[in-house]
Amino acid sequence: MVDFKGLIREEVRDLAYYVPGKPIEEVKRELGLNEVIKLASNENPWGPSPRAIEAMQEALADIGRYPDGSAYLLKAALVEHFQLSSEHFMFGNGSDEIVQLIANAFFRPGDEILMGMPSFPRYETVTRIMGAIPVEIPLEDGYYPLEGMLAKLSEKTRAIFICNPNNPSGTVRTSADLREFVAKVPKKVLLIFDEAYLEFTHEKFSGLEFLAEGRPVIVLKTFSKAYGLAGVRVGYAISRPEFVDALNRVRPPFNVNSVAMAGAVAAFADQVYLSEVIDKNRQEREALTANLEALGTKVLPSETNFILAFFPGKGPELAQELLRRGVIVRSGVAFGYPDAQRITVGNHDENAKLLMALKELL
């Protein structure tokens, strides 16, 4: 038999699959459960603004036509909010698609791309796809390793991923930390700020400040988390017009669908609802953290809609035991923390069910 594996690019053959959290329906079928809660994928348990749902329902009337490839209405809303020209924005099927487009447009074989570890796994994947070299620097006491990345800078450094807040740790580097870090990075290095969870933070310091200083910066944002639109996939990048032009040249046509864009426009307009979600998430996160610490669990100081909690000696078996009780969490094994669980902040009832299950198991 002919072996056709030689046709596959070497960079692709051993890439790790992205493993999402288990879907609720799959767990129900596998374990015969009637009630399952999912606290594994950092989704918004309160969902999107009702105005977004209404807008998406209305958009279905024109679903037979291709979407607006320029995302005119969504771009107009962002232009007004950020006070930047329309040439500073581009859109993706979730911000993770834009991560791949950045690699397509900027990364070359042999380039070194710096990133924290653990962090969003797509950074490493897209780097390897392009034949570039991922340089992974361990977190510093659970925080993104700015100091460690400075030590790894070299003539081959092409770009740096800065995930702030960081996934999966939930921790945030301050504006002072980031300003000091960027000041020491050569101006030829591309800075990629992934701000998927920034809305949840107290300080809300954005890499956009460095864009205004003339730095080569790309800022990534999403409607999947605080805005509650994970199911329709809308992300966007803010950058220099020449960088946006490059990204649009490698972007697939019509990559964001009409229903998604309609939902994003309406969700972005409803900042009152967004503030309500952020407040409820903060209250539930603080209560969940306090209850876990009362059980003797170490929890990293998160400012996101998830926490990283450590259960020494329990390992991945704890995630399986929770699964059997109808609670889906994300085992820290995938992040290199076998004794940890990444737990999405749920609504009050969901968090109560999680805590009840943990008290039984611990």
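Observations
- Contact annotation: residue pairs with Cβ atoms under 9 Å, 6 or more positions apart or on different chains, pairing a residue in the range 139-160 that is of a type in the set (F, W, Y) with a partner that is part of a helix (DSSP H, G or I), are Y143/D177; Y144/D177.
- Scan of the range 123-170 for residues that are in a helix (DSSP H, G or I) and within 18 Å of S95 (Cα to Cα), ordered by number: Y123, E124, T125, V126, T127, I129
- The range 91-113, subset among the hydrophobic types (A, V, I, L, M, F, W, C) and within 17 Å of the chain's Cα centre (by Cα), residue nearest to G142 (Cα to Cα): V99
- Single unsatisfied condition, S331 versus (1) buried (at least 16 other Cβ atoms within 10 Å of the Cβ); (2) more than 15 Å from V36 (Cβ to Cβ); (3) in contact (Cβ under 8 Å) with a residue 40 or more places away in the chain: (3)
- Qualifying residue in the range 125-133 (condition: free of Cβ contacts under 8 Å to residues at least 60 places away in the same chain and closer than 30 Å to G228 by Cα): yes
- Within the range 197-214, tally of residues that are hydroxyl-bearing (S, T, Y) and within 16 Å of A176 (Cβ to Cβ): 2
The rows are residues; the columns are (1) over 14 Å from V244 (Cβ atoms); (2) part of a loop (DSSP other than H, G, I, E, B); (3) without any contact (Cβ under 8 Å) to a residue 24 or more places away in the chain; (4) assigned by TED's automatic domain parsing to the domain that holds F223.
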{"residue": "E43", "(1), (2), (3), (4)": "yes, yes, no, no"}
{"residue": "S70", "(1), (2), (3), (4)": "no, yes, yes, yes"}
{"residue": "A76", "(1), (2), (3), (4)": "yes, no, yes, yes"}
{"residue": "E87", "(1), (2), (3), (4)": "no, no, no, yes"}
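- Residue check, A40 surrounded by 12 or more Cβ atoms within 10 Å (Cβ to Cβ), among the small types (G, A, S) and out of contact with any helix residue (DSSP H, G or I) (no Cβ under 6 Å at 6 or more places or on another chain): yes
Matching residues to (1) in contact with a Pro (Cβ under 8 Å, 6 or more places away or on another chain); (2) among the small types (G, A, S); (3) in contact (Cβ under 8 Å) with a residue 60 or more places away in the chain:
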position: F254; (1), (2), (3): yes, no, yes
position: V272; (1), (2), (3): no, no, no
position: I307; (1), (2), (3): no, no, yes
position: L322; (1), (2), (3): no, no, no
position: G326; (1), (2), (3): no, yes, yes
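- Looking only at the range 50-97, and only at residues there that are of a type in the set (S, T, Y) and farther than 12 Å from A262 by Cα, the one that is surrounded by the most Cβ atoms within 10 Å (Cβ to Cβ): S95
- Selection within the range 125-163 - among the acidic types (D, E) and under 22 Å from F306 (Cα atoms): E140, D141
- Residue tally, condition farther than 20 Å from F106 by Cβ and more than 11 Å from the chain's Cα centre (by Cα), over the range 205-225: 4
- Against the list (1) in contact with a Pro (Cβ under 9 Å, 6 or more places away or on another chain); (2) modelled with pLDDT of 95 or more, the condition A334 fails is (2).
- Of the residues in the range 124-134, not one is out of contact with any helix residue (DSSP H, G or I) (no Cβ under 7 Å at 6 or more places or on another chain) and on the phi > 0 side of the Ramachandran plot.
- Long-range neighbours under 9 Å by Cβ, at least six apart or interchain, first residue within 15 Å of V265 (Cβ to Cβ) and modelled with pLDDT of 95 or more within the range 213-224, second part of a strand (DSSP E or B) and among the hydrophobic types (A, V, I, L, M, F, W, C): K221/A237; K221/I238
The values are calculated or read from the model by the stated rules, or taken from the named source; none is laboratory data. Note that this is a predicted model, so its numbers are computed, not measured. Neighbour counts run over all protein chains shown; Cβ positions are idealised from the backbone, glycine included.
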